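Notes follow once the structure below has been shown.
The values are calculated or read from the model by the stated rules, or taken from the named source; none is laboratory data. As the structure is a prediction and not an experimental result, all values here were calculated from the model. FYI the Cβ positions are ideal-geometry reconstructions off the backbone, even for glycines, and counts take in every protein chain you see. Only protein heavy atoms, including side chains, enter the accessible area calculation; ligands, DNA and RNA are left aside. Shrake-Rupley method; radii C 1.70, N 1.55, O 1.52, S 1.80 Å.
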Amino acid sequence: MASDGPTAGERFLRGLIPENPVYRQLLGMCPTLAVTGGMKTAMTMAGAVAFVLICANVLTSLIRNLLKPHLRILVFTLTIAAFVTIADRVLAYAMYDMSQELGPYIPLIIVNCVIICRCEVCASKQSVVVAASDAAGQSIGFAMALASIAAVREILGSGTFFGLRVMPEAWPNWGIMVMPPGAFLTLGLLLGLANWIGAVREKRSGAV
Amino acid sequence: MTEATDNNQQTDTPPRAPAGAGPVIHVAPSPHSFSKSLTTRWMMADVLLAAAPLVAWAIFQFGAEALLQLVVCVGGCVVAEAVFTAMRGRCPLGAMKDLSAPVTGVILAMSLPCTAPWYVGFIGACAAIGIGKVVFGGLGQNIFNPAMVGRAFVMICFAWALAAGGYVQLDEETAAAAADPESGMAMTAKEPLDVISQATPMDVLKTRIKDRKEAAPTTSPARDDESPVALSRLFLGNVNGSIGEVSTLACLIGGLYLCWRRTAAWQIPAGVLLASVITAGLAHLGGGGAGLSMADFVGYHMFGGALMFGAFFIATDPVSSPITPKGRWIFGIGLGLFIMLFRTMSVFPEGVMFAVLMMNAVVPLINRWTIGTPVGGPVPERK
């Protein structure tokens, strides 16, 4: 079964840019918009998603031969929910303030489409090694996407990066950037940029 | 609409006239544009011309700061238009010819306070052209009024510069007066040397209503008898506010010129004024009159804020307003209602910007509801 599909290395590389969960698949929009007001929250969210995604992918891959087609989404969701609960409790124990700040968005990882999508597309069909590397690639892609949006929003909106001052003192904070409209604007403009880069590269490779 | 007018310029000479076939009958599909003055460029030039009294008054009233704001906004819009059009792979100079960027710049500048720092105007201009217009595909494709998108952007970004407090440039004396609630601040100011140090008329009204709500039985009747600022001063524009909105007279002169030239659809300002007069009257009857007489209260709402400027200059943007006469009435009336709703019910003293943006969003719906029946009966539905 492992033979009919991309190899582990391919899966890993695809997750970074060509099948980036945010910029290419437009999945996981809820955390992308909600927690990217600052780098700290965005990276915590990316870490939590990475943990849940890798664990869920590995477990799903292990039980892939037991899955019944009509019950698979239910099994995926329950698997994910188990790991999200672990992540939520660990976060509340180790980083209480961050856990408070992220609020409902950690439990909401359960319905993050990136994870269900990877379970469905890869883990339920391929071996554990492929599933794990796929999850790792997708997590890194997701983290990079969150970081790009959060960097723009935090630098423009607060003049800081990871809480450190990067802009001059006279920098007027663009209040809109740390608020919800800023998330939509930044995501839209960065998506446009990503598409434009993709189009330019395609044209260039087509010309050669 | 403007683009359509451009594309359907008169075909003066039919492509192929058979030689010696008698008089040539000109046949062209509708819409027929029979006025040379209704091109995009002329309409935009008209708006600039109509804004001249406002600009003149703004510079007279607020001095060099208003001029600086104007230069920054217009310059920012022109630069942004050139950059963003070039990014879309179009010729920047071609897009510049329709004069729409300077119009956006002027309207944006007129809607900002003169005390706002230069970067507020510049960022607003870039947001207006970039997010408000070019992202949608350029002039004629934008759903929202670009100038109002730019203003909303900087309003949320730099609330300190544009919310009510931003208009008041406090010197130490008035700051002390403001800190003391008993002094009644700008309301009792007789003849301030510098209008910039007063609160804006709409802010005064808002504070007044709030005061009365909090201490309704104890408000001294002496304070209620006088109108916060005489209506004649509001009409002429000898008050504080966004640099273009203060003078009702200048707005009327420019606005009536626009309506006469048919650059602006007269139904829209008519609808706005009608609806807001009625709503203000109802608000007064409902007890929200802030202790003013009915005429004063309604006049205050008419002349005090950006209503006149919004009705004549902002709402009449031909791209983001409905194209049918009936639709323009609906648009204007809805706008008037929303403006008054925001002014009386929301935390903001003024609501023209948000009202315009909200009504812009429903313009496609209005257009669909009010579309006319073509000659020869309705088009049968295709199965």
Checked region B:236-265 for anything surrounded by fewer than 21 Cβ atoms within 10 Å (Cβ to Cβ) and closer than 13 Å to B:MET308 by Cα; matches are B:LEU236, B:LEU249, B:LEU252, B:ILE253, B:LEU256
Look through A:ALA34, A:ALA8, A:ALA56, A:ALA82 and report the one residue that is more than 13 Å from A:TYR105 (Cβ to Cβ), surrounded by fewer than 21 Cβ atoms within 10 Å (Cβ to Cβ), aliphatic (A, V, I, L, M) and touching a residue at least 60 places away in the same chain (Cβ under 8 Å). A:ALA8
Leading residue by the ranking (modelled with the lowest pLDDT) among those in region B:218-236 that are hydrophobic (A, V, I, L, M, F, W, C) and part of a loop (DSSP other than H, G, I, E, B): B:VAL229
Within the group A:ALA183, A:ALA194, which residue is over 16 Å from A:GLY37 (Cβ atoms) and in a helix (DSSP H, G or I)? A:ALA194
Can you tell me which residue in region A:85-121 is nearest to the chain's Cα centre (by Cα), limited to those that are buried (at least 23 other Cβ atoms within 10 Å of the Cβ) and over 16 Å from A:GLY47 (Cβ atoms)? A:ARG118
Counting only residues that are surrounded by fewer than 19 Cβ atoms within 10 Å (Cβ to Cβ), within 14 Å of chain B (Cβ to nearest Cβ) and in contact with a Lys or Arg (Cβ under 8 Å, 6 or more places away or on another chain), how many does region A:129-177 have? 1
For the structure I just gave you, tell me whether B:GLU381 is touching an Asp or Glu at 6+ places or on another chain (Cβ under 9 Å) and open to solvent by 20 Å² or more (accessible area, probe 1.4 Å). no
When (1) closer than 24 Å to B:GLY137 by Cβ; (2) surrounded by 15 or more Cβ atoms within 10 Å (Cβ to Cβ); (3) touching a residue at least 40 places away in the same chain (Cβ under 8 Å) are applied to B:ALA82, the one that fails is (3)
Restricting attention to region B:237-281, report how many residues are outside any loop (DSSP other than H, G, I, E, B) and of a type in the set (Val, Ile, Thr). 7
Positions within region B:272-295 being of a type outside the set (Val, Ile, Thr) and under 12 Å from B:LEU335 (Cα atoms), in sequence order: B:LEU273, B:LEU274, B:ALA275, B:SER276
Looking at (1) modelled with pLDDT of 85 or more; (2) in a loop (DSSP other than H, G, I, E, B), can you tell me which one A:MET1 breaks? (1)
Candidate set from region B:323-355 (those that are in contact with a Pro (Cβ under 9 Å, 6 or more places away or on another chain) and open to solvent by less than 10 Å² (accessible area, probe 1.4 Å)); member that is farthest from B:THR370 (Cα to Cα): B:ARG343
When restricted to A:LEU185, A:LEU193, the only residue within 13 Å of chain B (Cβ to nearest Cβ), under 25 Å from B:ALA152 (Cα atoms), open to solvent by less than 60 Å² (accessible area, probe 1.4 Å) and not charged (D, E, K, R) is A:LEU185
Enumeration of residues in region B:266-303 that are among the aliphatic types (A, V, I, L, M), within 19 Å of the chain's Cα centre (by Cα) and open to solvent by 20 Å² or more (accessible area, probe 1.4 Å): B:ALA270, B:LEU273, B:LEU274, B:VAL277
Note on region B:134-155: residues part of a helix (DSSP H, G or I) and of a type in the set (A, V, I, L, M) are B:VAL134, B:VAL135, B:ALA147, B:MET148, B:VAL149, B:ALA152, B:VAL154, B:MET155
Every listed condition ((1) modelled with pLDDT under 90; (2) within 13 Å of chain A (Cβ to nearest Cβ)) holds for B:ALA164 save (2)
By my count, helices (runs of 4 or more DSSP H) wholly in region B:87-133 with at least 2 residues that are within 14 Å of chain A (Cβ to nearest Cβ) and surrounded by 24 or more Cβ atoms within 10 Å (Cβ to Cβ) are B:118-130
